[in-house]
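Q: Structure provided below as structure tokens; questions to follow.
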Amino acid sequence: MNGIKIVVLAKQVPDTRNVGPDAMKADGTVNRSVLPAIFNPEDLNALEQALRIKDSYEGVTVTLLTMGPVRAAEIIREGLYRGADDGVLLTDRAFAGSDTLATSYALALAVRRLAPDLVLGGRQAIDGDTAQVGPQVAEKLGWPQVTYAEEMHFEGGRLIIRRRLERGVETVSAPLPLVVTVNGTAPACRYRNARLLMKYKYARTDTELQAESSDYIAAGRPAVRLTEWGVEAISADPEQLGISGSPTKVKEIENVILQAKESKRLTASDRDIESLVRELLENHTIG
Amino acid sequence: MNNLFVFCELDEGRPAEVSLELLTKGRSLANTLGCRLEAVILGSGLEGIENELFPYGVDVVHVADDPVLEHYRTLPYTSVITGLFRQEKPQIALMGATTTGRDLGPRVSSALHSGLTADCTGLETGDHYVKKTDTTYKNLLYQIRPAFGGNIIATIINPDHRPQMATVREGVMKREIVNKNYKGEVKKIDIREFIKPEDLAVEILGRHIEPRRVDIKSAQIIVSGGYGMGSKENFALLYELASVLGGEVAASRAAVDAGYAGHERQVGQTGVTVRPKLYIACGISGQIQHTAGMDQSGKIIAINNDPMAPINNIADYVINGDVAEVIPKLIKHYRANAR
Ligand SMILES: Cc1cc2nc3c(=O)[nH]c(=O)nc-3n(C[C@H](O)[C@H](O)[C@H](O)COP(=O)(O)OP(=O)(O)OC[C@H]3O[C@@H](n4cnc5c(N)ncnc54)[C@H](O)[C@@H]3O)c2cc1C
Ligand SMILES: Nc1ncnc2c1ncn2[C@@H]1O[C@H](COP(=O)(O)O)[C@@H](O)[C@H]1O
């Protein structure tokens, strides 16, 4: 499949797997500032799949697409270090507060503008664990989707994909254009490449450049520009974005605090354990 | 019109456990809302399948029975479900948070522009007042789910769009037959009305699905081990205790990661949710991701050598001691006292 164009959907997420005790503020909201922001793990699996296709065929391009605040440009650089060709940061105040449906609306418009043959995303993002954005982007594009992919290759112009299901595997054959979401069981992403790291270390979006220190500019950094798109660039209808474009609303957020129960304290002595066993037998919990 | 719909999926030709659990929940929500409970089931060779659903209090079963639908595929299933929902206008639609439900749900919700909440752990009904417009929404579905790696619990609502959609994992809701003689109505879906030729673009080349092996979910007594068990060998103590009590062995993720037990035994947010009559937590600290999968158990015994372990907060009985000493004593005293 020479010359195909691939877009990888990647999200910057707070590292919810390493949530410490200071992650919650006193008012019960999440203290995002103490959580490191990372490349969503399964999106890295998706990137690896894209790079493998690029390795196997001539003229394949891989473009990272991410929607988020300005600092999400970090993961575009991260993708470039590993072998992606370029990236687009979708950033605009109007996107803030989007649920999965509004997010996929914006992403689908950006994909339309990039006009790829194949879109790869992660199965789910670890901040929300919804696994909804991939299928919703596919629906908005009117393309088929294949989820839970862990292996894929081309055969006669179609993509043959192995899917990981709860208790087994399924192999499907799908035509392009197509959206595929990649499972964490797929091969891990390759490491950064030293040459690419040097090349893209100073790649910046326009907004980032404006915020950069004068040292950076004085040093005459080779400013590779990263594409930054807002609402106009993708001709989005603001009504369908952000909170107004999101059918789901958060009514209430509750911090998880374990409620202490009235519990009986026992020792490991024979006396204590025997009386416990008798009590459980008497009230028919066991026996 | 405006009834509660449950998408029922098949597992080896029978209605899946999670779908029956959702019908049970759906029945009680429909009672509260004063609407009917309707099921949708798609597949091939479904003759008589409705009789397995009616006992859960289903008023209408919509059946699409066609060889094209033999195995789940995104596009034909989405076309049938969205087509049906456009006609029937459900107020609520529930599906299992399985690889099928989580592939189908978002596609349907996007096509209908309705909100979808994944992996709910609770479904309730209630009102919602919006100050800005001074409107009260009556009888919304409260979709309760953990977020942020389980560190917060959020209640999500969809005030303006229908259906209000949610997915729920297997084992989270209870399954209960309402009346084994309950009879509803069957409505056949004519799939030619909904499926377009391009819906068949993706072909299934092969499937290999393993039968269910260990089933910790239906066990009445669970003996669960954590990282504090110390070794795979020590897990043998748990099998012994489980076998004398007539229960199953489960594990925390740390124990699974350490290779003490297989993944199918993992309890918690990323494992199975269980609610046995008795849960014995041995050498488990009780992190929220674990307790989220077992805190609804009837009675909880915690065996831990740390008197401050968080698991103790939710336990009915706390045994402060070493698992290697306590478990053999439990076995000994059970054998001596049980008849
Ligand atoms: C996104 C996410 C999802 C997760 N999902 C799950 C999940 O589904 N299920 C799950 O279980 N975890 C899950 N975890 C991991 C969870 O946070 C905990 O790390 C895990 O539950 C800890 O397992 P543990 O209690 O066995 O181990 P530890 O936390 O190491 O606790 C061991 C306990 O054993 C006690 N102990 C040690 N030696 C002895 C002895 N000789 N006798 C008696 N007691 C002893 C210790 O005092 C301690 O309390 C998840 C984490 C994340 C971030
Ligand atoms: N803001 C975003 N920008 C780019 N891709 C995203 C974004 N949100 C979600 N995705 C993609 O959609 C997948 C599923 O996300 P989610 O539905 O949030 O679990 C992720 O793994 C990403 O590939």
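The values are calculated or read from the model by the stated rules, or taken from the named source; none is laboratory data. Fair warning: this is a prediction, and the values are worked out from it, not measured in the lab. All Cβ positions, even for glycine, are placed from backbone atoms using ideal geometry, and neighbour counts span all protein chains on display.
Let's see how each residue does on (1) under 26 Å from B:I331 (Cβ atoms); (2) of a type in the set (D, E, K, R); (3) away from chain A (no Cβ under 13 Å); (4) surrounded by fewer than 23 Cβ atoms within 10 Å (Cβ to Cβ):
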position: B:D257; (1), (2), (3), (4): no, yes, no, yes
position: B:V267; (1), (2), (3), (4): yes, no, yes, no
position: B:T270; (1), (2), (3), (4): no, no, no, yes
position: B:C282; (1), (2), (3), (4): yes, no, no, no
position: B:T291; (1), (2), (3), (4): yes, no, no, no
position: B:M294; (1), (2), (3), (4): yes, no, no, no
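Q: Sticking with this one: Report yes if A:L141 is out of contact with any strand residue (DSSP E or B) (no Cβ under 6 Å at 6 or more places or on another chain), over 15 Å from A:N45 (Cα atoms) and at the interface with another protein chain (Cβ under 9 Å from one of its Cβ atoms), otherwise no.
A: It is false that A:L141 is out of contact with any strand residue (DSSP E or B) (no Cβ under 6 Å at 6 or more places or on another chain), over 15 Å from A:N45 (Cα atoms) and at the interface with another protein chain (Cβ under 9 Å from one of its Cβ atoms).
Q: Quick check on segment B:82-109: of everything there that is more than 12 Å from chain A (Cβ to nearest Cβ) and assigned to a helix (DSSP H, G or I), which residue is surrounded by the most Cβ atoms within 10 Å (Cβ to Cβ)?
A: Looking at the filtered set, the residue picked out is B:L84.
Q: Do you know which of the residues in segment B:300-313 that are at the interface with chain A (Cβ under 7 Å from one of its Cβ atoms) and more than 19 Å from A:E279 (Cβ to Cβ) is nearest to ligand 2 (Cβ to nearest atom)?
A: B:P310
Q: Another question, then. Going by what's in this entry, would B:A118 be described as buried (at least 20 other Cβ atoms within 10 Å of the Cβ), at the interface with another protein chain (Cβ under 7 Å from one of its Cβ atoms) and in a strand (DSSP E or B)?
A: Criteria met by B:A118.
Q: Shifting gears a bit: Restricting segment B:23-74 to residues that are assigned to a loop (DSSP other than H, G, I, E, B) and of a type in the set (A, V, I, L, M, F, W, C), which is farthest from B:P197 (Cα to Cα)?
A: The extreme case among them is B:C35.
Q: The conditions are (1) at pLDDT 95 or above; (2) under 25 Å from the mean Cα position of the chain (by Cα), and B:E176 fails exactly one of them. Which is it?
A: Exception for B:E176: condition (1).
Q: State all residues of segment B:154-187 that are under 25 Å from A:E166 (Cβ atoms) and either exposed (fewer than 15 other Cβ atoms within 10 Å of the Cβ) or among the hydrophobic types (A, V, I, L, M, F, W, C) (or both); if no residue qualifies, say none.
A: Of everything in segment B:154-187, those that are under 25 Å from A:E166 (Cβ atoms) and either exposed (fewer than 15 other Cβ atoms within 10 Å of the Cβ) or among the hydrophobic types (A, V, I, L, M, F, W, C) (or both) turn out to be B:I156, B:M165, B:A166, B:V168, B:V172, B:M173, B:K174, B:I177.
Q: Of all strands (runs of 3 or more DSSP E) completely enclosed by segment B:181-277, which ones contain at least 1 residues that are farther than 30 Å from A:N283 by Cα and touching a strand residue (DSSP E or B) at 6+ places or on another chain (Cβ under 8 Å)?
A: B:185-188, B:203-209
Q: Are there helices (runs of 4 or more DSSP H) fully within segment A:135-224 with at least 1 residues that are modelled with pLDDT of 95 or more? List them.
A: A:194-200
Q: Output the residues belonging to segment B:268-282 that are more than 19 Å from B:I303 (Cα to Cα) and away from ligand 2 (no atom under 16 Å from the Cβ).
A: B:G271, B:V272, B:T273
Q: Is it true that A:R123 is within 13 Å of ligand 2 (Cβ to nearest atom), charged (D, E, K, R) and either surrounded by fewer than 24 Cβ atoms within 10 Å (Cβ to Cβ) or under 16 Å from the mean Cα position of the chain (by Cα) (or both)?
A: So A:R123 fits the description; yes.
Q: In segment A:145-181, what residues are facing chain B (nearest Cβ under 8 Å) and surrounded by 24 or more Cβ atoms within 10 Å (Cβ to Cβ)?
A: A:Q145, A:V146, A:T147, A:Y148
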